[in-house]
Amino acid sequence: MGVGGARIFSGGLILGGLVLVMNRRAFLALTRRTWLPVLAASVATGVFQAAFFSAVDRTGAAVATAVVFGLAPVSTGLCERLVLGARLSRRWWAGTACAVGGVALLTMPGSAVHVDPVGILLSLVGGTCFGVYTVSAKVLTGRDMGMAAAVSVTLLIGGAALLPWTLAELPALAEPRSAVLVAWLGIAATAAAYMFFVTGLGRVSAATAGTLSLAESLVAAGLAIVVLGERMSVPVAAGSLLLLGGLFVVSVPARARAARYDGAHVTGAVKVEQTTGERN
């Protein structure tokens with residue numbers, strides 16, 4: 001929890017500093033109309049860090065990651081349906097089923113894997129928070145405000161909630177190896193990664209973004225092979241192909257349509273071209 005808090009708080013400071021240098025007036029767009037989704041995203045961010053890192057500590061990284069990111073597209077799709085009223089297409093269901101199945105194969109536990117019930121529960125909480133954050137960020141993308149400012153605020157609030165644990169671990173976090181780790185997590189895995197994510201949310205639905213986030217498991221498997229020298233077993237190879245197939249299914253553009261998210265509802269604007277013989 002200390003590492004999770006340090007990660008998002010430092011990432012928020014970095015993004016906030018960049019916004020102040022480039023466009024300090026961007027924070028003025030955070031009006032009363034935007035505070036509800038900002039607060040929801042902030043709570044989801046802080047709880048996710050606490051739940052995920054605690055789950056990793058109790059049940060291991062492989063199982064925790066599999067549960068969190070296996071649940072993420074489902075929770076995101078359901079949150080988008082409940083909050084925004086968006087319909088989930090059959091293609092999304094098919095792609096998500098393939099992707100979740102691929103993640104299950106990628107992280108198939110061996111005999112040495114310990115599955116802790118509390119760790120599994122914490123992983124489920126983390127997966128749910130992922131969906132809440134994604135939909136909250138999607139709402140903010142439709143309110144004509146600088147997302148860098150919004151993301152920095154959500155990270156700072158979420159990190160502030162975890163400050164008691166971060167400060168308690170400050171001596172250990174200040175050690176050279178730990179400091180380098182926190183710097184990497186804050187800059188690359190938080191500030192940059194969150195901005196890439198919310199930028200992509202401006203072009204795809206929240207449900208699609210949740211499914212595409214499963215690429216994290218595929219990247220992790222690839223790095224394990226290339227960097228750590230692990231061998232690709234038959235389940236890992238099959239899971240990689242299945243996951244790639246699922247990501248491809250949800251990534252192929254559907255027929256053109258534009259959507260605007262406002263408040264707790266989603267409204268679609270469909271442009272109909274009038275032919276020569278049609279009357280007004």
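Mind sorting Tyr133, Tyr194 by how few other Cβ atoms lie within 10 Å of their own Cβ, fewest first?
Numbers: Tyr133 29, Tyr194 23.
If I rank by nearby Cβ atoms, fewest first, I get Tyr194, Tyr133.
When a/c is below 1.5 the answer is rounded, else prolate if a/b is larger than b/c, else oblate, so apply that to region 133-186 with a ≥ b ≥ c taken from the square roots of the Cα gyration tensor eigenvalues.
Details: a/c = 3.73, a/b = 2.38, b/c = 1.57.
Verdict is prolate for region 133-186.
Multiplying the sequence separation of Val227 and Leu39 by 0.36 nm and subtracting their Cα-Cα distance, what value in nm do you get? Kindly include the intermediate steps, with their values, before the conclusion.
Values: separation 188, 0.36 × 188 = 67.68 nm, distance 3.85 nm.
63.8 nm is the gain from fully extending Val227 to Leu39.
Taking square-rooted eigenvalues a ≥ b ≥ c of the alpha carbon gyration tensor, is region 55-213 rounded, prolate or oblate, where a/c under 1.5 means rounded and, failing that, a/b exceeding b/c means prolate?
Values: a/c = 2.07, a/b = 1.13, b/c = 1.83.
Oblate.
Using θ = phi - 60° and the Karplus form 6.51 cos²θ - 1.76 cosθ + 1.60, what ³J(HN,Hα) does each residue of region 206-211 get, whole Hz, x for Gly and Pro?
5, 4, 5, 4, x, 5
Using Cβ contacts closer than 10 Å as the measure, can you line up Arg7, Arg24 from fewest to most?
On the way: Arg7 25, Arg24 11.
Least to most surrounded, the residues fall as Arg24, Arg7.
We did not get these values from a lab; they are worked out from the coordinates using the rules stated. Quantities reported herein were computed from a predicted structural model and do not represent experimental measurements. So basically every Cβ, Gly included, is an ideal-geometry build from the backbone, and we count neighbours across all protein chains shown.
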